[in-house]
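Only the coordinates and a few stated rules stand behind these numbers; no lab work does. Bear in mind the structure is a predicted one, so any value in this text is a computation, not a measurement. Cβ atoms come from the backbone with ideal geometry, glycine included; neighbour counts cover every protein chain shown.
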Amino acid sequence: MTTNGNGSTQGNGLKWVGKRTIRPDGVDKVTGRAQFGADFTLPGMIVGQVLRSPHAHANIRSIKTDKAEALPGVKAVVTSADFPELPSTFEAAGEVMLNFRDMSCNVLARKKVLYHGHAVAAVAATSVAVADQALALIEVDYEILPHVIDVIEAMAPDAPLLHDDMFTIGVEPTPDKPSNIAKRVEYGLGDIEAGFKAADVVVEREFTTKAVHQGYIEPHAAVATASEDGQCHIWCSTQGQFVVRAYVSKLLGLEISQLRVTPSEIGGGFGGKTVVYLEPLALALSLKCHRPVKMVMSREEVFQASGPTSGAHVWVKVGATKDGRITAAEAVLKYQAGAVQGSPIMPGCMCAFAPYDLENVKVVGFDVVSNRPKVAAYRAPGAPISEFGVECVIDEVANKIGMDAIAFREKNAAREGTHAAYGPRFGPVGYTETLRVAKEHPHYHAPLGPNQGRGVASGFWFNIGGDSSAALHINEDGTATVISGCPDIGGSRASLVIMAAEILGIDVDRVRPIIADTSSIGYSFLTGGSRVTFATGMAVIQAAEDVVRQLRERAAMIWEIDVEAVVWENGEARPSGSNAGEFDPLSLGDIAAKAGKTGGPINGHASLNAQGAGPAFGTHICDVEVDKETGRVTVLRYTAVQDAGKAIHPSYVEGQIQGGAVQGIGWALNEEYIYDEKGRLENAGFLDYRIPVASDMPMIDAVIVEVPNPKHPFGVRGVGEVPLCPPMAAVANAVAAATGLRMADLPISPPKLLEAIDNGL
Amino acid sequence: MLTSGLSQQFTGGRSEIEVRAATVRQLLGELDDLYPGLGSELGTDTAIAIDGEIFQDPYLEAIGADSEIYFLPRIGGG
């Protein structure tokens, strides 16, 4: 369902934008033609396998590979010795600054293994069986070290130390002793102590969230080949072929021009495929043996060695007056980074209180390493964790003062002109519209039965723009091809084609999309941060406008009139008025057919660094029923309201909202990494790591609110991140309403809830 | 306005600084003159919000006479 800020169905003069067109990639996906990472093959290709650490924390005294290398069928073996030793420098990569020394150490352990499953060596051989046999012949001499998994335990002064050169940044004076705390950050406005003094009601609570995996269905996969002249090519499942090119070049000491990266179809990413694991290993092996090398992670490897999001400890305190005005809000966030620094603590801090107009706010965050896989981005990285704690406490404050949960949020909501808790003022934003639509939704007023409860929570994410390139080629028959450099994860092919068709004024099915490799389109940052329909969409719009300009020029040439006397309307060139002359309109096909006679092929191009991404807010309503004999929570009804700015393809926007809600429900109720006493991951598979399946879920009712982003030609805001922010608190608030129990430790699994019910917590 | 980490590292704890500049490039130069290294750090690793609009890679963006500037971590996403 789509509504505008006034609650009425959005109406406009657009022909394609906002329509539910057939997805261009749909047939290939449902027939199995689409090539995902593991589907790709090359002549002469061999396979690579990875030797992984059985220990959570250990020094590597030595690695002997001679027996493996001597095994018939083995073509290459690599260890960290085959990778250049890189300096500890930070470079921007998404929501975190990346340290390439750390990235190299994560791809292949150097001197130390830092988590169970950490890659130690890789082998390329003629078959998986031979490669596995070779892995067994590699002798690694480990000195096992004490390990630490939990974030609070990792912060203790006597905790096992992962890095003896890590001194906490953001603390004055800089500590003279190393610790597992990589960084301390702080944001604030106003006078927090005065704010709490002015409060009639104060609620303070601690929460924990567990590390959870993005749960993409397609495991990591890559094929790499290196020729004798040093030219290299990687085909892989990734959210960004250009970042793979940048990272692998850096890790292996190549010039960027030596490496071409082609993205495969991608079976989910959610942020988890914005980094590299197998790609540099496959290429390092191929550089040694000059055979194409294919590597595919098992599901167990995906869990053990690819990045989940942070688990965390969250403390939140909110004060408010009896009439419902928040006077102060404070939080302390401690996020697991995994084995090396770089949790999403900064966005976690910045988003925590972003939905609210606060005079006095303070957020302190800590980035903490422990013996877990390095975290990777996961939809709105960092934000769902902090917003879970905040939205639970907001709910408690509303209950304490006897105010409706949505009315309390409305009274304190961020609006245009509000100073965000992290500093800048918001431009036009649609938070209050999501609250109003949620409040008016029939779901919010439906009766509840015994043992049932209803929860509400809101969420925020910044959204980003960034570097994007696009090309639009007009074919000889007047059809068109849109070329972009961003893998299609959530429907960007459809949205880009719609925007191109809208500008060109032709039928959407006459425009086909292509996602190009790194040598076939200009640089484009990755698919992430909800940026592609916004930023790459702007590039496509500009490329289409470039084409329209050329089409008008060609028509002017054909008619021998001034180009200013030609307009482009509904896919045709027309004289701008009677003074321009009497000419029959020229269609795109007419002009394309004469392109050779009027100057050659007609193509449009655009490269830009898109600015003006519009922040997005969402508000979710969740009904649950609690089985008080088993502790099982069943989600009965779920409604997710979100401001999309303008939904280019509403079905895809709804899909993003529904997917995010389901992932958040899994985070709330089931998902967690479980380690044994030796720091080994015990549930590295979907049988033991329980993500929600369709039969667990009700229909997620996605309601799109459209408060246009004035910085985008069609008003687009990113939509992929926000849906993961509210669900954990919406579920927890619903459980609290059903049971009277505030479950502050996720997941709210049946044994945990049953224990709380039995103990009357 | 600066985050606490940057203000501790470069400005002795001052988080609000007033300088004269018409573009981001000039602003970073002025900050570098006042606090050596700060402008370079901000130009490399930081996004800037100018009157509420966040610029991820700012350089030539204009700054108005009454503009409000915040330096922020670069934002990404999943």
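Worth pointing out:
- Each residue of region A:629-634 was assigned a 3J(HN,Hα) from its phi angle through the Karplus curve 6.51 cos²θ - 1.76 cosθ + 1.60 (θ = phi - 60°); the sequence is 8, 10, x, 6, 10, 10 Hz, with glycine and proline shown as x.
- Taking 30 Å as the limit for the C-alpha separation, the pairs A:Lys210/A:Lys294; A:Lys678/A:Lys752; A:Lys112/A:Lys362; A:Lys210/A:Lys400; A:Lys439/A:Lys646; A:Lys210/A:Lys362 exceed it in the case of A:Lys210/A:Lys294; A:Lys112/A:Lys362.
- In region A:305-404, the DSSP beta bridges split such that about 50 percent are antiparallel, to the nearest 5.
- In sequence order, calculated HN-Hα J values of region A:13-19 (Karplus, 6.51, -1.76, 1.60; Hz; x Gly/Pro): x, 7, 8, 10, 4, x, 8
- Bins of 10 Å from zero: percent of alpha-carbon pairs in chain A: 3, 14, 23, 24, 19, 11, 5, 1, 0
- Exposed loop sites are taken as GluC sites (Glu not before Pro) in a DSSP loop (any state but H, G, I, E or B) with at most 14 other beta carbon atoms within 10 Å; the longest stretch of chain A without one runs A:256-415.
- Here the dipole of region A:393-449 is about 140 debye; that uses its Cα centre as origin and unit charges on the Cβ of Lys and Arg (positive) and Asp and Glu (negative).
- Take the Kirkwood radius over Cα pairs of region A:466-610, plug it into Stokes-Einstein at 10 °C and 1.306 mPa s, and you get 103 µm²/s for translational diffusion.
- Spin-label model distance (nm) - A:Phe90 vs A:Asp39, 7 Å beyond Cα toward Cβ: 4.1 nm
- Shielding by partners - mean other protein chain Cβ count within 10 Å, residues of B:61-74: 3
- GNM on chain B, alpha-carbon springs under 10 angstrom: the most fluctuating residue among B:Leu27, B:Leu42, B:Leu60 is B:Leu60.
- The alpha-carbon of A:Lys594 sits under 16 angstrom from the alpha-carbons of these aspartates and glutamates, leaving out residues fewer than 8 places away in its chain: A:Glu476, A:Asp477, A:Glu553, A:Glu560, A:Glu572, A:Asp584.
- Charge dipole of chain B about the Cα centre (unit charges at C-beta), most positive-ward option of B:Tyr70, B:Gly39, B:Ile54: B:Gly39
- In chain A, the DSSP beta bridges split such that about 75 percent are antiparallel, to the nearest 5.
- Shielding by partners for peptide A:418-425, expressed as the average number of C-beta atoms from other protein chains within 10 Å of each residue's C-beta, is 5.
- Scanning chain A for long hydrophobic helices, with DSSP H runs required to stretch 24 angstrom or more by C-alpha along their axis and to average at least -1.0 on the Kyte-Doolittle scale, returns A:383-400, A:537-559, A:650-669.
- Cross-link check: pairs A:Lys64/A:Lys288; A:Lys111/A:Lys250; A:Lys111/A:Lys334 evaluated at a Cα-Cα cut-off of 23 Å; pairs beyond the cut-off: A:Lys111/A:Lys334.
- Relative contact order [Cα under 8 Å, 6+ residues apart], chain A, whole percent: 15 percent
- Candidates A:Ala131, A:Val248, A:Ile22 compared by Cα position along the dipole of chain A: farthest toward the positive end lies A:Ala131, with charges placed on Cβ.
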